[in-house]
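The values are calculated or read from the model by the stated rules, or taken from the named source; none is laboratory data. If you're wondering where the values come from, they're calculated on a predicted model, not measured in any experiment. All Cβ positions, even for glycine, are placed from backbone atoms using ideal geometry, and neighbour counts span all protein chains on display.
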Amino acid sequence: MARRVLILGGTREARLLASALLQQGHDVITSIAGRTSAPTMPAGKVRVGGFGGSSGLTCFLADERIDIIADATHPFAAQMSANAFAAGRDCGIDYVRLDRPAWRAGEGDRWIMAQSTLEAARILPRAARIFLTIGSKLAHDFTGRADLRGLIRTIEPLREPVPETWSVMVARPPFTVEEEASLLRQHRLDVVVTKNAGGELTAAKLVAARELGLQVVMIERPLKPRARTAETVEEMVRLVSDQAI
């Protein structure tokens, strides 16, 4: 049975999900935040911009007669997921989520776990040289420590200047292990700081850190509402189609 689906997107999985659901005959609208310049657009209908919180999303769901919310946002988009869960509950419609598997430390990894960017910045060794890959919004948590220095890599340019002890690199994944290892050596970095986003597109830096014997400060994912979840696009298609995994 075809359903009218709102995909909360902005990720590669969301684009793959849109294509797969369209092929099955579902009516799909993908919503993206629009914070990234020149994003890769999914197939089908696309809505760009915020909803205005849970209440705004509730109105949208009713106006568009959405049957199910398919949350395929980034693992750290906790507020969007919370708003979507609440709006679905208020409208009495299904909410399902794609939770990409988190990265896990393996043999040879030197990981320290942190609950937040603030904790990560606090536990870093004095005078550490950092490879910071947490996005552009929270870099100030680290650049505010006068003893730290290093390289900040983001998809979008930073909105605020950083101290001269920091370099900024704007680049989009994927990256190879060789590229990441070369970057770490070139800038003489000794700690990688990243969010546990999971997935293959940005995992090469973790392999490079392991091969070079570098420490990784891994910021753990925020909690999201309890819901029916899938780990893959294929499982998510079955959830949306109301089939048991």
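Brief remarks follow.
- Any hit, the range 71-88, residues being hydroxyl-bearing (Ser, Thr, Tyr), closer than 30 Å to residue 4 by Cα, part of a helix (DSSP H, G or I) and at pLDDT 95 or above: yes
- Qualifying position, being within 19 Å of the chain's Cα centre (by Cα) and modelled with pLDDT of 95 or more, among 153, 149, 172: 153
- Checked against the criteria, residue 144 does not count as outside the structural domain of residue 205 (by TED's automatic domain parsing) and not hydrophobic (A, V, I, L, M, F, W, C).
- Scanning the range 197-220 for residues that are surrounded by fewer than 18 Cβ atoms within 10 Å (Cβ to Cβ), at pLDDT 95 or above and in a loop (DSSP other than H, G, I, E, B) gives 213, 220.
- Of the set (1) in the same structural domain as residue 226 (by TED's automatic domain parsing); (2) within 25 Å of residue 198 (Cβ to Cβ); (3) touching an Asp or Glu at 6+ places or on another chain (Cβ under 7 Å), all apply to residue 121 but (1).
- Selection over the range 154-196 of residues that are touching a residue at least 40 places away in the same chain (Cβ under 8 Å), assigned to a loop (DSSP other than H, G, I, E, B) and aliphatic (A, V, I, L, M) gives a count of 2.
- Taking the conditions (1) part of a helix (DSSP H, G or I); (2) modelled with pLDDT of 95 or more in turn, residue 54 satisfies each one other than (2).
- Single residue of 20, 38 found to be aliphatic (A, V, I, L, M), out of contact with any Cys (no Cβ under 8 Å at 6 or more places or on another chain) and part of a loop (DSSP other than H, G, I, E, B): 38
- Evaluation of residue 135 against the conditions (1) outside any strand (DSSP E or B); (2) assigned by TED's automatic domain parsing to the domain that holds residue 29; (3) under 20 Å from the mean Cα position of the chain (by Cα); (4) in contact (Cβ under 8 Å) with a residue 40 or more places away in the chain shows that the sole unmet condition is (2).
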